[in-house]
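Inspection log for the structure reproduced underneath, given as structure tokens.
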Amino acid sequence: MAKLNWGMVGGGEGSQIGPAHRLGAQADGHFAFAAGALDVNADKGRAYAESLGIAPDRAYGDWQEMLAGERARDDRVDLVTVATPNATHFEITKAFLEAGFNVLCEKPMTMTVEEGEEIVRVAEASGRICAVNYCYSAYPMVRHMRRMVADGALGRIRLVVANFSHGHHADAADQDNPRVRWRYDPAQAGVSGQMADCGIHALHLASFILGDEVETLSADFASTVAGRELEDDAMVNFRMAAGTVGRLWTSTVAIGRQHGLDIQIYGETGGLFWAQEQPNQLRYQRLGGRTEIIEKGEAGLSADAARLSRVVIGSPEGFPLAVANIYVDLAEAIRAQKAGRAADPAATAYPKAADGLRSMAAVYAAVASAKAGGAWQDARPPMFR
Ligand code: NAD
């Protein structure tokens, strides 16, 4: 099968997420890295792109040059990944969608709810794919949890508890470190710190696994390190449309927690526990039963999980291959788009612009709630009410 052409904006040398996208897009042979505007510094970006094997005429200095250059080609990129800092996502994603490109945008998709609604509208009008990189939703065992919930293995879901709490900004002496400081500065980070950075991943995971949406929430924000204007810790109570009770804790000062993303689902007849740091194992307990460990790669795993596993049981498939699973789904969606056929339904679960919008609405609702002493807020985007 011919490879699809892939391009990236941002994700340059030394960036945090760039390598995961490069590994992810190319891991399964679906995409060829054909074009890029990889760095805020044009010369650095061009040089780095060429060092990665991109042809000189497709190693662009900035995203506007890339958009114009790719639009003029017959072999234009089939997918553009936007892996730049948050405040640039809206403008770049919108421009590429309007020019007829499929886009995978990093989270948070936008800085405001209004921008999120605009992206949803533009994506719909363009008929292009707009995906958002909630990559944790593509781990095989997360897909397996989603299948178990949908198949009723836990009965009606009563409670979901999601955490994304790490301790990497706990050092008060880091206050002037520019890599840390901007995250708590509203001028650069927007209305929220940790909730917008990590909390939305955990909240998305809850919605994704349950196949449900956050409807209302109440939040308590804290800035535990002196001098931080935005929150470095948040506790959010929420309710989902189907009535499920939700709890979210997200923090950057939880010393000893490393990555810190985990999720617990409790239904009437069973419970599940999964943590990103042990992604191959899913803990399952039936009401009155013993704890079982469901292992990635074992026989009898759901097709949703099996299609996204590559290596044998007992061998870890970590973060870059979870990102790769987003690209597996997108490759199928794009091939179906090009062929004018329906995509394999198993490949349609990847997170979309609507998910990016819902996250922004939840962030703004949490900010409003925290300011109002925890008053419950409608967490749905206006366009979905
Ligand atoms: P970073 O600061 O490490 O890297 C940003 C890169 O983008 C740099 O190479 C920079 O030169 C480049 N860049 C900046 N402005 C640009 C522009 N206008 N045009 C082209 N390139 C530009 O940032 P990061 O930590 O890699 O984060 C990037 C994005 O990825 C953020 O939105 C972040 O929230 C997201 N992220 C997501 C995950 C995840 O789990 N999905 C993990 C980490 C980061």
For Cα pairs less than 8 Å apart in space and 6+ apart in sequence, what is the mean separation divided by the residue count of the chain, i.e. the relative contact order in percent? 19 percent
Against the 2.2 N^0.38 Å rule of thumb, the C-alpha Rg of region 102-246 sits at a ratio of 1.18
Once label points are set 7 Å from the Cα along Cα→Cβ at both Val40 and Met383, what is their separation, rounded to one decimal in nm? 2.8 nm
How big is region 132-173 by Rg and Dmax over its Cα atoms, in Å? 15.5, 49
State the extension gain, in nm to one decimal, for the chain segment bounded by Gln26 and Glu91, taking 0.36 nm per residue of separation less the distance between their alpha-carbons. 20.8 nm
Based on the inverse mean of 1/r over its pairs of different Cα atoms, what is the Kirkwood hydrodynamic radius of region 1-57, in Å? 11.4 Å
Extend 7 Å from the Cα of Ala375 along its Cα-to-C-beta direction; within region 191-233, residues with backbone N under 17 Å of that point are 216-221
Region 281-385, dipole about Cα centre (Lys/Arg Cβ +1, Asp/Glu Cβ -1), debye to the nearest 20: 280 debye
As an exercise, use a Förster radius of 30 Å and the Cβ-Cβ distance of Arg247 and Arg121 to find the FRET efficiency, rounded to the nearest 0.05. 0.40
Charge dipole of region 182-324 built from unit charges on the beta carbon (Lys, Arg +1; Asp, Glu -1), centred at mean Cα; most positive-end Cα among His259, Leu248, Leu217 is His259
With n ≥ 4 as the cut-off for DSSP H runs, can you work out [θ] at 222 nm for the chain, using -39500 (n - 2.57) per run divided by the number of residues, rounded to the nearest 500? -10000 deg cm²/dmol
Binning every alpha carbon pair distance of the chain at 20 Å from zero, what are the percents per bin? 28, 59, 12, 0
Given Ala339, Leu282, Pro316, which one lies farthest toward the positive end of the charge dipole of region 242-385, if we put +1 on the Cβ of every Lys and Arg and -1 on the Cβ of every Asp and Glu? Ala339
Pull out the extension gain between Ala172 and Glu50, defined as 0.36 nm times the separation in residues minus the alpha carbon to alpha carbon distance; nm, one decimal. 39.9 nm
Pop the C-beta distance of Gln258 and Gln16 into the FRET formula with R0 = 22 Å and round what comes out to the nearest 0.05. 0.90
Taking 0.36 nm per residue of sequence separation and subtracting the Cα-Cα distance, how much length would be gained by fully extending the chain between Asp344 and Ala99, in nm to one decimal? 85.6 nm
Give me the percent relative contact order of region 202-357, please, defined on Cα pairs under 8 angstrom at least 6 residues apart. 11 percent
Leaving ligands, DNA and RNA out of it, rank Val225, Val191, Val40 by accessible area with a 1.4 Å probe, largest first. Val40, Val191, Val225
Once whole DSSP H runs in the chain are found, which of them have Cα atoms spread over 24 Å or more along the helix axis and a mean Kyte-Doolittle score of at least -1.0? 319-339, 353-371
Rounded accessible area per residue of region 1-85, 1.4 Å, Å²: 44 Å²
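The values are calculated or read from the model by the stated rules, or taken from the named source; none is laboratory data. In this text, all values refer to a predicted model and were calculated from it rather than measured experimentally. Positions of Cβ are generated from backbone atoms using ideal geometry, with glycine treated the same way; all protein chains shown enter the neighbour counts. Surface accessibility is based on the protein's heavy atoms, side chains included, excluding ligands, DNA and RNA. Shrake-Rupley method; radii C 1.70, N 1.55, O 1.52, S 1.80 Å.
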